[in-house]
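Working notes, structure below.
The values are calculated or read from the model by the stated rules, or taken from the named source; none is laboratory data. Note that this is a predicted model, so its numbers are computed, not measured. With ideal geometry, Cβ positions are generated from the backbone for all residues, glycine too; neighbour counts draw on all protein chains shown. Heavy atoms of the whole protein, side chains included, go into the accessibility calculation; ligands, DNA and RNA do not. Shrake-Rupley method; radii C 1.70, N 1.55, O 1.52, S 1.80 Å.
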Amino acid sequence: EAEVAQSPRYKITEKSQAVAFWCDPISGHATLYWYRQILGQGPELLVQFQDESVVDDSQLPKDRFSAERLKGVDSTLKIQPAELGDSAMYLCASSRTPRGGFGETQYFGPGTRLLVL
Amino acid sequence: QKEVEQNSGPLSVPEGAIASLNCTYSDRGSQSFFWYRQYSGKSPELIMSIYSNGDKEDGRFTAQLNKASQYVSLLIRDSQPSDSATYLCAVKKMEANNLFFGTGTRLTVIP
């Protein structure tokens, strides 16, 4: 069964350092999402791509976060500089249909757990 | 007002009992509803989706949707210790493709 891949699984960094996370969605999935999940809360959307285009990045802190999906396949999420409050699980998800797909299931990767010291 | 609200629990039930998890949402235009299970330190995995009013059953799980009351629930019959996890309710609004999640309800099934 195809899965969403993410790396690294764990990352410890010091504040003010740069970190990057990678996601490879399920093959053929047009839509890719990055969510952030703070401990004890539900995931919150950071950015959504349809193919290589950003559909929604309204909740992405653009002064320090950036995301790209250059060829419409895998994606990278970067934080620079990292802050203590960025400690969280970063989840990547993908779904098959383009934006507007009714009821389309999102499949989550294993996540990257980030700890900023 | 939060988009999706859940009782954070913890909810404890004895093994073999029925666990009832509830969720309310604020946007009446929401069209798709999902229940995800998340074990500690793991990512969410889909249990069920429901789109129409009424009940939808899948094995030991039953999702119930009442759009008039803006209410979604998940029933787990014959609860097992392996069902102990956090259950996330997620809602897809009509104008967006992303999911809005509740904070999750932590369920503990006691052997």
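Quick look at the values:
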quantity: Accessible surface of the stretch A:1-101, 1.4 Å probe, proportion on carbon and sulfur as whole %; calculated: 46
quantity: Under 5 Å, built H, 5+ apart or other chain: amide partners of B:CYS23; calculated: B:VAL72
quantity: Two-decimal Rg to Rh for chain B - Kirkwood Rh, Cα set; calculated: 0.96
quantity: The stretch B:16-108, accessible surface, carbon-and-sulfur percent (1.4 angstrom probe); calculated: 47
quantity: Pairwise centroid distance, computed over Cα atoms, of the stretch B:5-30 with the stretch B:64-106, Å; calculated: 7
quantity: Sum of side-chain charges, A:SER94 neighbourhood, beta-carbon under 12 Å (Lys, Arg +1; Asp, Glu -1); calculated: -3
quantity: Entries in A:LYS71/B:LYS2; A:LYS15/A:LYS62; A:LYS78/B:LYS42; A:LYS71/B:LYS93; B:LYS56/B:LYS93; A:LYS71/B:LYS42 that, when Cα-Cα distance is taken, lie over 26 Å; calculated: A:LYS71/B:LYS2; A:LYS71/B:LYS93; A:LYS71/B:LYS42
quantity: Proximal charge balance of A:VAL73 [Cβ under 10 Å; K/R count +1, D/E count -1]; calculated: -2
quantity: Charge context of B:GLY59, other residues only, Cβ under 14 angstrom, K/R +1, D/E -1; calculated: -1
quantity: Accessible area of the stretch A:55-117 divided out per residue, in Å², using a probe of 1.4 angstrom; calculated: 48
quantity: Interface area, A with B, accessible, probe 1.4 Å, both sides summed, Å² nearest 100; calculated: 1700
quantity: Longest to shortest principal axis, alpha-carbon extents of the protein assembly as shown, angstrom; calculated: 48, 38, 36
quantity: Karplus (6.51, -1.76, 1.60) ³J(HN,Hα), θ = phi - 60°, over the stretch A:45-53, in Hz, Gly and Pro reported as x; calculated: 5, 9, 7, 10, 10, 10, 6, 9, 9
quantity: For the stretch A:35-40, 3J(HN,Hα) per residue [Karplus equation, 6.51 cos²θ - 1.76 cosθ + 1.60, θ = phi - 60°, Hz, x = Gly/Pro]; calculated: 10, 10, 10, 7, 3, x
